[in-house]
Every structure is written in C-alpha cells, then in structure tokens.
1. Can you tell me which of 56-63, 71-78 comes out highest on packing, and rank the rest after it, using the mean Cβ neighbours within 10 Å?
2. Using the basic label-point model (7 angstrom from Cα toward the beta carbon), what is the Phe75 to Ser57 distance in nanometres?
Amino acid sequence: MKKLLIATTALVGTASVAVADVTFSGYGRFGALYEDDRECTGDNATGDKCEEIRLESRYRLNIDGVATTDGGVRFAVRVRGQSDE
C-alpha cells in the first residue's frame with residue numbers, strides 16, 4: 001500500500017510541470033451588407049437586379065499556449081481558426 005501511495009504522490013507532483021498557460025482571443029462580427037448597384041452573374045443573370053441586402057459574418061479564434069521547461073526553454077504555439085462568409 002505504501003508503494004502505491006508514493007507512486008501516486010510522485011505522479012501528482014510532476015503533473016504541475018506539464019501545465020501550460022493557454023489563452024483564448026479573437027473577434028466576431030455579423031451584419032447586413034447593402035449594395036445598391038449589384039449586378040447578377042452566372043445562374044442569376046435573368047436581367048433582373050440581384051438581392052441588394054445580404055447577411056455577412058466573420059469570426060477569428062486564436063488559441064495561444066506557452067510552456068517553459070525546467071531548463072528555461074520556452075515553447076509557444078498558436079492555433080487560429082477563422083471563417084469569412
């Protein structure tokens with residue numbers, strides 16, 4: 001039983017070394033876009049005007065992680081996801 005307790009204590013003690021600082025940032029927006037003189041092209045080219053108002057949205061999400069080893073080496077990573085419609 002003592003061996004099991006010592007092993008789990010050592011595991012918990014080393015778990016804090018692997019923890020990195022993780023931050024989330026970014027932006028998002030949406031709205032209506034109005035174009036007065038928009039021309040139809042492709043399948044919509046019927047001679048009529050196309051829709052003048054359309055919905056538009058955009059977002060970007062940044063996930064940053066930083067970790068420092070016991071020797072002082074700093075590792076950083078950034079993951080970026082974005083969508084533009």
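1. 56-63, 71-78
2. In this crude spin-label approximation the distance works out to 3.5 nm.
Computed from the coordinates by the stated procedures, all read-outs in this text should not be read as laboratory data. Small disclaimer: the values here were computed from a predicted structure and weren't measured. Backbone-built Cβ (ideal geometry, glycine too); neighbour counts: all protein chains shown.
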